[in-house]
Amino acid sequence: MHIKLNQLRYICEVARRGLNVSAAAEALYTSQPGVSKQIRQLEDALGLQIFARSGKQFSHITPAGQAIIEEAERVLLQIENIRAIAQEFRDEKSGSLSIATTHTQARHALPPVVTAFRKQYPSVSLHMHQGTPMQIADMAARGAVDFAIATEALELFEDLVMLPCYRWNRSIVVPEGHPLTRVQPLTLEEIAKYPIVTYVFGFTGRSKLDQAFEAKSLKPNVVFTATDSEVIKTYVGLGLGIGIIASMAFEPERDHGLVALKADHLFDYSITSIAFRRGIYLRRYMREFIKLFAPHVTDETIERAITARTKEERNALYDELEPRLLYR
């Protein structure tokens with residue numbers, strides 16, 4: 001029985017792509033017939049079906065196929081780890097680092113971290129990918145990127161090791177002279193009187209915002225949502241409504257004509273975390289990036305996160321780290 005690594009890559013990618021062979025072939029930079037042929041050859045070598053068929057289409061993964069794909073994922077991860085270890089010993093200061101994150105993190109939280117990292121590791125190429133929190137978490141869970149940085153969705157993926165990085169809260173953004181600038185203290189009841197422009201649900205701590213209004217039995221009039229703080233501020237400036245954004249996304253020197261009203265007393269703070277695929281080999285520069293982004297994290301902390309096997313152990317470490325988080 002002869003099994004090729006490419007065959008393992010193909011079955012894993014087809015499974016990830018919802019049995020869409022065309023999408024898998026595109027992701028693997030190969031042809032659809034080539035993928036189908038290699039999968040058939042693997043099934044012939046194994047003497048069983050990995051994918052059940054309906055006509056020429058894959059209909060579902062067989063029970064045997066599911067077990068094989070899970071093992072194939074582990075094999076492919078170990079091969080990547082072997083390559084990473086070899087490169088670490090050849091040259092520990094060169095390589096690449098890919099990060100998936102949201103616009104808010106990329107624009108407002110990561111620039112000083114990336115600057116410091118580049119000074120320390122000038123031979124490491126950085127690749128930034130942006131997406132929704134679910135897309136970001138999925139990319140890390142399937143090994144498409146090294147790190148996922150987000151506020152929402154990471155905890156939904158059991159295959160991710162997650163470390164809390166910092167706390168943040170929200171500000172209400174209004175045009176200069178807006179009636180809310182004269183309201184002391186600012187209340188959710190007053191905010192709810194105006195149309196609201198804010199993040200799309202599932203983005204940048206939006207769940208905490210909704211929970212705050214629900215707790216007061218208020219229904220906010222959300223008239224416009226976006227994934228990008230800059231877009232939200234633009235439409236506030238156009239008079240579409242008042243904005244609710246991450247406080248770090250407001251820049252007085254750039255956001256002319258707008259005022260940010262602190263709203264820490266109205267909303268629970270949110271936590272941004274960094275996550276990576278369980279079982280991945282973390283090179284030295286990857287660990288250093290984590291520590292630059294989250295100064296309270298040590299090598300020992302990272303090891304504890306990696307070796308935590310139960311949900312209770314992971315939650316205990318998270319709770320232990322939370323009081324040490326910086327506030328941005």
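The values are calculated or read from the model by the stated rules, or taken from the named source; none is laboratory data. From a predicted model like this one, the values you see are computed outputs, not experimental measurements. Please note: Cβ atoms are built from the backbone with ideal geometry, for glycine as well, and neighbour counts cover all protein chains shown. Ligands, DNA and RNA are excluded from the accessible area calculation, which covers all protein heavy atoms including side chains. Shrake-Rupley method; radii C 1.70, N 1.55, O 1.52, S 1.80 Å.
Structure above, values below:
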{"item": "Wholly within segment 1-108, helices (runs of 4 or more DSSP H) carrying at least 1 residues that are within 30 Å of residue 123 (Cα to Cα)", "result": "5-16, 21-27, 63-90"}
{"item": "Residue pairs meeting the criteria (Cβ under 6 Å; at least 6 apart or on separate chains; first open to solvent by 10 Å² or more (accessible area, probe 1.4 Å), in segment 123-150; second at pLDDT below 90 and assigned to a loop (DSSP other than H, G, I, E, B))", "result": "123/93; 134/153; 141/157; 141/159"}
{"item": "Residues satisfying the stated conditions in segment 302-316, i.e. open to solvent by 10 Å² or more (accessible area, probe 1.4 Å) and outside any loop (DSSP other than H, G, I, E, B)", "result": "303, 304, 306, 307, 311, 312, 313, 314, 315, 316"}
{"item": "Pairs with Cβ under 9 Å, 6+ apart, first in segment 31-46 and among the acidic types (Asp, Glu), second open to solvent by 60 Å² or more (accessible area, probe 1.4 Å) and not in a helix (DSSP H, G or I)", "result": "43/49"}
{"item": "Residue count, segment 1-35 (criterion: over 28 Å from the mean Cα position of the chain (by Cα) and open to solvent by less than 30 Å² (accessible area, probe 1.4 Å))", "result": "3"}
{"item": "Residues that are closer than 11 Å to residue 267 by Cβ and modelled with pLDDT of 95 or more, drawn from segment 204-242", "result": "none"}
{"item": "Boolean, residue 115 is buried (at least 18 other Cβ atoms within 10 Å of the Cβ) and assigned to a helix (DSSP H, G or I)", "result": "no"}
{"item": "Residues of segment 246-284 satisfying the condition of being buried (at least 17 other Cβ atoms within 10 Å of the Cβ), more than 19 Å from the chain's Cα centre (by Cα) and within 22 Å of residue 308 (Cα to Cα)", "result": "283"}
{"item": "Residue under evaluation residue 149, criteria (1) under 20 Å from residue 229 (Cα atoms); (2) part of a loop (DSSP other than H, G, I, E, B), criterion not met", "result": "(2)"}
{"item": "Selection from segment 84-93 of residues that are open to solvent by less than 70 Å² (accessible area, probe 1.4 Å) and either touching a Pro at 6+ places or on another chain (Cβ under 9 Å) or among the aliphatic types (A, V, I, L, M) (or both)", "result": "84, 85, 86"}
{"item": "Strands (runs of 3 or more DSSP E) completely within segment 168-262 that count 1 or more residues being touching a residue at least 60 places away in the same chain (Cβ under 8 Å) and among the aliphatic types (A, V, I, L, M)", "result": "170-175, 242-246, 258-262"}
{"item": "Extreme residue, nearest to residue 272 (Cα to Cα), among residues of segment 136-160 that are out of contact with any Lys or Arg (no Cβ under 8 Å at 6 or more places or on another chain) and small (Gly, Ala, Ser)", "result": "150"}
{"item": "All positions within segment 122-141 that are outside any helix (DSSP H, G or I) and out of contact with any strand residue (DSSP E or B) (no Cβ under 8 Å at 6 or more places or on another chain)", "result": "122, 132"}
{"item": "Close pairs from segment 69-81: first open to solvent by 60 Å² or more (accessible area, probe 1.4 Å), partner among the basic types (Lys, Arg), Cβ under 7 Å, at least 6 apart", "result": "none"}
{"item": "Of residues in segment 181-203 being surrounded by 20 or more Cβ atoms within 10 Å (Cβ to Cβ) and modelled with pLDDT of 95 or more, the one farthest from the chain's Cα centre (by Cα)", "result": "191"}
{"item": "Conditions (1) at pLDDT below 95; (2) buried (at least 21 other Cβ atoms within 10 Å of the Cβ); number of the one not met by residue 156", "result": "(2)"}
